[in-house]
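Here is the structure we will look at.
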Amino acid sequence: MDWRNDNIAVWGACLGLGNLYFDQGKLKEAEEMYQRALAGYKKALGPDHTSTMNTVNNLGNLYSVQGKLKAAEAIYKRALAGKEKALGPDHTLTLNTVNNLGNLYSDQGKLKAAEAMYQRALAGYEKALGTENPKIRIRWNSRSSS
């Protein structure tokens, strides 16, 4: 492996640790790992690379859980713009961020904005995965029960 690939492996490990810490509720440690991964991915791959944008999205999830809703919104919008540019508006990874924005808007009481994001995500998922895909039913059933 060359130096770039070695560094990318390091950033992937940081992201993995961030996800683990997030799942364990160790939010400070998760943020540290996400920030480290983000800085590394930006330097190695650029600010608009999908790995960079996935890390940005994870930071949005973290900020949302921490109640930093304005920061989460800004981060999600950044991730969405990057994913739309890199992957297109209908890619499932882009739609994941659209759905996250819907969740955030719902939590903020911005119900019209939430509905627009959910409608976009649903239409995109159905187009990409088919209307009978179990992942679609699970995603929407889990949100409607929360």
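Of all residues in region 57-92, those satisfying the criterion of being within 8 Å of the chain's Cα centre (by Cα) and closer than 20 Å to Tyr118 by Cβ are Asn57, Gly60, Asn61, Tyr76, Ala79.
Results for (1) under 26 Å from Lys127 (Cα atoms); (2) hydrophobic (A, V, I, L, M, F, W, C), shown as yes or no for each residue.
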position	(1), (2)
Glu31	no, no
Val56	yes, yes
Lys68	no, no
Lys85	yes, no
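Looking only at region 47-71, residues that are crowded, with 18+ Cβ neighbours inside 10 Å and among the hydrophobic types (A, V, I, L, M, F, W, C) come to 4 in all. Scanning region 26-41 for residues that are assigned to a helix (DSSP H, G or I) and surrounded by fewer than 18 Cβ atoms within 10 Å (Cβ to Cβ), we see that the one that is nearest to the chain's Cα centre (by Cα) is Gln35.
The residues of region 111-146 that are farther than 14 Å from Thr92 by Cα, at pLDDT 90 or above and among the aliphatic types (A, V, I, L, M), listed by number, are Leu111, Ala113, Ala114, Ala116. Per the listing Ala74, Ala86, Ala44, the residue uniquely of a type in the set (A, V, I, L, M), modelled with pLDDT of 95 or more and either surrounded by 19 or more Cβ atoms within 10 Å (Cβ to Cβ) or in a helix (DSSP H, G or I) (or both) is Ala74.
Taking residues in region 52-64 that are of a type outside the set (Asp, Glu), and partners anywhere that are not in a helix (DSSP H, G or I), the pairs with Cβ atoms closer than 8 Å and at least 6 places apart or on different chains are Thr52/Gly46.
Gly102 meets the stated requirement of being in contact with a helix residue (DSSP H, G or I) (Cβ under 6 Å, 6 or more places away or on another chain) and modelled with pLDDT of 95 or more.
Test Lys112 against the stated conditions and say whether it is free of Cβ contacts under 8 Å to residues at least 12 places away in the same chain, farther than 26 Å from Lys26 by Cβ and either part of a helix (DSSP H, G or I) or in contact with a Lys or Arg (Cβ under 8 Å, 6 or more places away or on another chain) (or both). Answer is yes for this residue.
The values are calculated or read from the model by the stated rules, or taken from the named source; none is laboratory data. Worth saying up front: this structure is predicted, and the values here are computed from it rather than measured. Methodologically, a virtual Cβ is constructed for each residue, glycine included, from the backbone with ideal geometry; neighbour enumeration extends over all protein chains shown.
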